[in-house]
1. Identify, from the list 280, 290, the residue that is open to solvent by 20 Å² or more (accessible area, probe 1.4 Å), among the charged types (D, E, K, R) and within 29 Å of residue 76 (Cβ to Cβ).
2. Look through region 303-316, keep the residues that are surrounded by fewer than 24 Cβ atoms within 10 Å (Cβ to Cβ) and touching a helix residue (DSSP H, G or I) at 6+ places or on another chain (Cβ under 9 Å), and return whichever of them is nearest to residue 399 (Cα to Cα).
3. Do we find that residue 44 is under 29 Å from residue 208 (Cβ atoms) and either modelled with pLDDT of 95 or more or assigned to a strand (DSSP E or B) (or both) in this structure?
4. Against the conditions (1) assigned to a loop (DSSP other than H, G, I, E, B); (2) closer than 20 Å to residue 392 by Cβ; (3) open to solvent by 20 Å² or more (accessible area, probe 1.4 Å), where does residue 109 fall short? Just the number, please.
5. With respect to residue 402, determine if the residue is touching a strand residue (DSSP E or B) at 6+ places or on another chain (Cβ under 8 Å), open to solvent by 10 Å² or more (accessible area, probe 1.4 Å), assigned to a strand (DSSP E or B) and among the β-branched types (Val, Ile, Thr).
6. Can you pull out the residues in region 117-145 that are part of a helix (DSSP H, G or I) and either of a type in the set (S, T, N, Q) or at pLDDT below 95 (or both)?
7. Does region 99-116 contain at least one residue that is within 26 Å of residue 300 (Cβ to Cβ) and at pLDDT 95 or above?
8. Just give me the residues in region 258-270 being open to solvent by 30 Å² or more (accessible area, probe 1.4 Å) and not aliphatic (A, V, I, L, M), in sequence order.
Amino acid sequence: MDKVLARGSGSSVARPRARTALATAVAGAAVIAGTVAVASSASAGTTLGASAAESGRYFGTAVAANKLSDSTYVGILNREFNMATPENEMKWDATEPSQGQFNYSNADRIVNHAQANGMRVRGHALAWHSQQPGWAQNLSGTALRQAMTNHVTQVATYYKGKIYAWDVVNEAFADGGTGARRDSNLQRTGNDWIEVAFRAARAADPGAKLCYNDYNTDGQNAKSNAVYAMVQDFKSRGVPIDCVGFQSHFNSASPVPSDYQANLQRFANLGVDVQITELDIEGSGTAQADNYNRVVRACLAVSRCTGITVWGIRDSDSWRASGTPLLFDGSGNKKAAYTSTLNALNGGGTTPPPTTAPPTTAPPTTAPPTTAPPTTPPPSGTGCTATLSNNQWQGGFVTNVTVRAGTNPVNGWAVTLTLPGGSIITNTWSAQPSGTSGTVTFRNVDYNRTIAAGQSTEFGFQGNGTAPTGTATCSAS
């Protein structure tokens, strides 16, 4: 799983309702026509990026290089957004596939497209425990530390002057209630590895904002408190950190926290910018629209919340596509969530409903990526099916699995599938795997153990190599 952000300063500007209504109608017509327009050419208040810019902020999206040949995708990208974040193309496995040999071709496609269309770029991500090339996964200790520092230095130097903000370190803290650092090969090189990465990034590109980015830190909890303490320590000791990214992956089981705005504000009070970096909200219709509106308003209420990035453009582009979590449907039509987001950016005016009906897919019942130990024994028997949905890129993939109960309720489940040779699982959420390669059995965790008859739940995993295809077997108790 991976992510994007938000930043800016200032306050929102209210606008007359008639102007907002006209803007929505014009923008809606552009979507239907699939028109390709330069982002900066839109009138203020009529698109996400232009409306955010009026309060000094940006509104961005994750961009995949292999979709830049899709005219509908590019039309929406150019019209609506003024910040781009490469979805996978700047990660370690993509930019340094062999040690000391760098490949920027796909990342350059995104950077060049953004610059040609008046967008800035967020770099994502320089150091992360996941999506490392195989050679880095085989290193440890001093050799790994030196390789990481060199990687940060080389990539940040290559893009010097072209990147607005870097996610220097991504997801370095563990889930759960301990507030501990995540156990990873990078962490085992020494507790100062995050500081080293930030200092290397500053030396390589002094003009870029340097951010720490993570998920499940959107409200005050043990994990966000640990990140807060790290930022506070860095600021007190002069370690270069300019911003904190909040991924903000939400659904019905992990909703927008009641203290979301307050949490953004307490980090801003440390003297850093805050950014919403990978926003997606599973659901549909009014409930989804209201949640998007709430998140945008929270950012607008915090002067150092400098921008918002949604993690994809159309629902079909999302790593959680079955949850329909984005602002445009799979055909590129604006959803109710788009209208509510634009309303919030424009200060709360009303606009006509979208020209197409919003998706009717019910929100999934799973939480965003967390890995928790199972609390039930392995299920036995039958009574469920498992369907795979893959998002493949060069060298890696994300697989989402929908587990559906049959005519009887399920009180525990297990899904077994076989990974292609050479593929390795690097991260799992909402299930507990029996291994990381070959034939793997995924068992439920406590919160998604039960499934009502005819209903479903989801889990997912990320890996290096080729995504699994074919069928998966499901057994239930």
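1. Only one candidate qualifies: 290.
2. Taking region 303-316 as the starting set, the residues that turn out to be surrounded by fewer than 24 Cβ atoms within 10 Å (Cβ to Cβ) are 303-304, 314, 316.
Pick out the ones that are also touching a helix residue (DSSP H, G or I) at 6+ places or on another chain (Cβ under 9 Å) and you get 303-304, 314.
Numbers: 303: 37, 304: 35, 314: 18 Å.
It comes out as 314.
3. Values: under 29 Å from residue 208 (Cβ atoms): yes; either modelled with pLDDT of 95 or more or assigned to a strand (DSSP E or B) (or both): no.
Spelling it out, it is not the case that residue 44 is under 29 Å from residue 208 (Cβ atoms) and either modelled with pLDDT of 95 or more or assigned to a strand (DSSP E or B) (or both).
4. (1)
5. Details: touching a strand residue (DSSP E or B) at 6+ places or on another chain (Cβ under 8 Å): yes; open to solvent by 10 Å² or more (accessible area, probe 1.4 Å): yes; assigned to a strand (DSSP E or B): yes; among the β-branched types (Val, Ile, Thr): yes.
Answer is yes for this residue.
6. So in region 117-145, the residues part of a helix (DSSP H, G or I) come out as 134-137, 141-145.
Within region 117-145, 137, 142 meet the criteria.
7. Of all residues in region 99-116, those within 26 Å of residue 300 (Cβ to Cβ) come to 114.
Now drop any that are not at pLDDT 95 or above, which leaves 114.
Within region 99-116 (the criterion being within 26 Å of residue 300 (Cβ to Cβ) and at pLDDT 95 or above), the answer is yes, since at least one residue qualifies.
8. Selection gives 258, 259, 261, 265, 266, 269.
The values are calculated or read from the model by the stated rules, or taken from the named source; none is laboratory data. Just so we're clear, the structure is a prediction, and the values are computed from it rather than from any experiment. Quick reminder, even Gly has a Cβ in these numbers, built from the backbone with ideal geometry, and neighbours come from all protein chains shown. The protein model used for the area step is the full one, side chains on, heavy atoms only, and it has no ligands, DNA or RNA in it. Shrake-Rupley method; radii C 1.70, N 1.55, O 1.52, S 1.80 Å.
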